[in-house]
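The structure under discussion appears below in the form of structure tokens.
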Amino acid sequence: MELIMKAGAAQDIAAAVIRLNPLDDVLVARQPLTEGLHLAQENVTVRQAIPAGHKVATRHIDKGEPLRRYGQIIGFASQAIEAGEHVHVHNVEMGDFSRDYAFGVDAKPTAQSEATFQGIVRADGRVATRNYIGILTSVNCSATVARAIADYFRRDIHPEALAAFPNVDGVVALTHGVGCAVDPGGEALAMLQRTLGGYAIHANFHAVLMIGLGCETNQIEDLLKARGLEASNQLRTFTIQGTGGTSKTIASGIAQVKSLLAEANQVEREPVSAKHLIVGLQCGGSDGYSGITANPALGNAVDRLVAAGGTAILSETPEVYGAEHLLTRRAVSREVGEKLIKRIHWWEEYCTRMNAELNNNPSAGNKAGGLTTILEKSLGAVAKAGSTNLVDVYEYAEAVTAHGLVFMDTPGYDPISATGQVAGGANLIAFTTGRGSAYGCAPSPSIKLATNNRLFEHQEEDMDVNCGGIADGSTTIEERGAHIFALMLRIASGERSKSEQHGYGQNEFVPWQIGAIT
């Protein structure tokens, strides 16, 4: 993506707008634009007040004509638009247009480099970025018990419980709202079991307790069998009904966690290759700057990660809709590209069945921040994926085994999407936001990247990186990308992110519930 800062007669006019591509019909306001402001180099006079992050037309556009940003179609004029007018939801609509998937034409050899972080190497060779003991539930009915066990070890409530075990990052209960009243042979239960199974063997857990009620559809024995797992000292299973009630189950869980702590504390970090780093890519609370600043900067960091042998997981399928052709062109094979298009078609059919539209996304906050259609949002969102080849496409919560840039099919809702990524093995999350998302994802740390200076200054307690300087020229995509990659390595080595410092992570475990509840 070419970023061109258009200058005017004066310094403040030069900084007022951003042109992203010579083919674009719109400019992006990097500060509020007042009526009558003349943008000399574009020869455009602003016709009405336009908020920062929103778009102003560069030319007359007839009704029905496509509008372009990033040199790509973001929608069609629902009415005639004059040069200098505000371009947004009131005069732009979705429309059908062909995309040239051109499978693999832009695939190219990936540069190679070396990088390391201080990781935790498990006995079986898996590498962790954190060292938790986890408590999972097979069904919502055992959520209260799981929470009570984890609360016993909370450092803010009972600091003495883990005082002797400094190498244990914590005891976390990841609960959910389903697990029963579903088709025992259906897709919904299989997806839940795939998610829970992925967490049960996640490298960032030293050990896991899995607790059920006892009579639920999602029987723990069946879950383990479906995922090829067996109960062990590191994966302990029991039920409330089998143990004899709530208080007995809580007491048993606390005793079992206590018995695991000494062994869990014996870990030591050691230098490991960045090829063991699997980063889930997220954007939430996006705005008009997301595709200009934080997402391209994260994409630059992803290129560095992939060059070092690591893996990045792009997801949120509804948020690549309209930009999928930019990914298929980078697919290592036609088969990989067609796997992505198959998931796009599934979402089109899914929305039709549910009487919904993919353009229900962007959200109200996205639109307030300047995004108009899902096409515009998607074009900015795929910038997180950098420029390397797309090497594979995965189902939700499927184990990610490839190295390089991969895609996982998930909804756009961040907690559901990141839950699938972590189930697939992500041991770090990188999350861009323009409106100020608050999110964490135990057992994997989450890094927050602010798209604009105002957000970073206003909500600095939640933001790890400020990418706003890219828009005003005080920094570059390359510089921020290097900074983000270095931070990834430090966070993977044990440095705590802002979301970890605030205690985010347990409440954000949200498996995708796709089926009917009966």
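The values are calculated or read from the model by the stated rules, or taken from the named source; none is laboratory data. Source: prediction; values computed, not measured. Because the Cβ atoms are built from the backbone with ideal geometry, glycine has one as well, and the counts that use them run over all protein chains shown. Surface areas here come from the heavy atoms of the whole protein model, side chains and all, with no ligands, DNA or RNA. Shrake-Rupley method; radii C 1.70, N 1.55, O 1.52, S 1.80 Å.
Structure values in brief
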quantity: Count of the range 478-502 residues which are surrounded by fewer than 15 Cβ atoms within 10 Å (Cβ to Cβ) and either more than 24 Å from ALA450 (Cβ to Cβ) or not charged (D, E, K, R) (or both); calculated: 3
quantity: Odd one out for GLU348 among (1) within 18 Å of the chain's Cα centre (by Cα); (2) modelled with pLDDT under 95; calculated: (1)
quantity: Top-ranked residue of the range 34-55 - restricted to ones that are assigned to a loop (DSSP other than H, G, I, E, B) and among the charged types (D, E, K, R), ranked as modelled with the lowest pLDDT; calculated: GLU42
quantity: Search result, residues across the range 216-232 that are open to solvent by less than 80 Å² (accessible area, probe 1.4 Å) and within 20 Å of ARG122 (Cβ to Cβ); calculated: LEU224, GLY228, LEU229, ALA231, SER232
quantity: Residue list for the range 120-163, filter: touching a helix residue (DSSP H, G or I) at 6+ places or on another chain (Cβ under 7 Å), part of a strand (DSSP E or B) and hydroxyl-bearing (Ser, Thr, Tyr); calculated: THR137
quantity: VAL87 vs. criteria open to solvent by less than 70 Å² (accessible area, probe 1.4 Å) and either of a type in the set (Asp, Glu) or over 30 Å from ALA331 (Cβ atoms) (or both); calculated: yes
quantity: ALA107 touching a strand residue (DSSP E or B) at 6+ places or on another chain (Cβ under 7 Å), within 28 Å of ARG435 (Cβ to Cβ) and small (Gly, Ala, Ser); calculated: no
quantity: Test: residue in the range 91-107 that is farther than 30 Å from THR372 by Cβ, touching a residue at least 60 places away in the same chain (Cβ under 8 Å) and crowded, with 21+ Cβ neighbours inside 10 Å; calculated: no
quantity: Some residue of the range 313-326 being farther than 23 Å from GLY284 by Cα and of a type outside the set (Lys, Arg); calculated: no
quantity: Some residue of the range 185-204 being over 21 Å from ALA418 (Cα atoms) and surrounded by fewer than 22 Cβ atoms within 10 Å (Cβ to Cβ); calculated: yes
quantity: Unmet requirement for ILE278, which otherwise passes all of (1) open to solvent by 50 Å² or more (accessible area, probe 1.4 Å); (2) under 16 Å from ARG130 (Cβ atoms); (3) under 27 Å from the mean Cα position of the chain (by Cα); (4) not basic (Lys, Arg); calculated: (1)
quantity: Contacts under 7 angstrom Cβ, first residue in the range 210-228 being among the polar types (S, T, N, Q), partner open to solvent by 60 Å² or more (accessible area, probe 1.4 Å), 6 or more apart; calculated: THR217/PRO184
quantity: Tally, over the range 56-84, of residues that are open to solvent by less than 50 Å² (accessible area, probe 1.4 Å), in contact (Cβ under 8 Å) with a residue 60 or more places away in the chain and in a strand (DSSP E or B); calculated: 4
quantity: Residue list for the range 238-247, restricted to those being part of a helix (DSSP H, G or I) and in contact with a helix residue (DSSP H, G or I) (Cβ under 7 Å, 6 or more places away or on another chain); calculated: ILE240, THR243, THR246
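A quick yes/no check of all residues on (1) under 22 Å from GLU398 (Cα atoms); (2) in a helix (DSSP H, G or I):
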site: ALA207; (1), (2): yes, no
site: CYS215; (1), (2): no, no
site: GLU221; (1), (2): yes, yes
site: LYS225; (1), (2): yes, yes
site: ARG236; (1), (2): no, no
site: THR249; (1), (2): no, yes
site: GLY253; (1), (2): no, yes
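Residues are listed down the side, and each one gets a yes or a no for (1) modelled with pLDDT of 95 or more; (2) open to solvent by less than 10 Å² (accessible area, probe 1.4 Å):
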residue	(1), (2)
TYR289	no, no
LEU305	yes, yes
ILE313	yes, yes
VAL320	no, yes
ALA323	no, yes
ARG329	yes, no
SER333	yes, no
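Matching residues to (1) without any contact (Cβ under 8 Å) to a residue 60 or more places away in the chain; (2) over 28 Å from the mean Cα position of the chain (by Cα); (3) more than 18 Å from ALA207 (Cα to Cα); (4) surrounded by 14 or more Cβ atoms within 10 Å (Cβ to Cβ):
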residue	(1), (2), (3), (4)
ILE135	no, no, no, yes
CYS141	no, yes, yes, yes
ILE157	yes, yes, yes, no
VAL168	no, no, no, yes
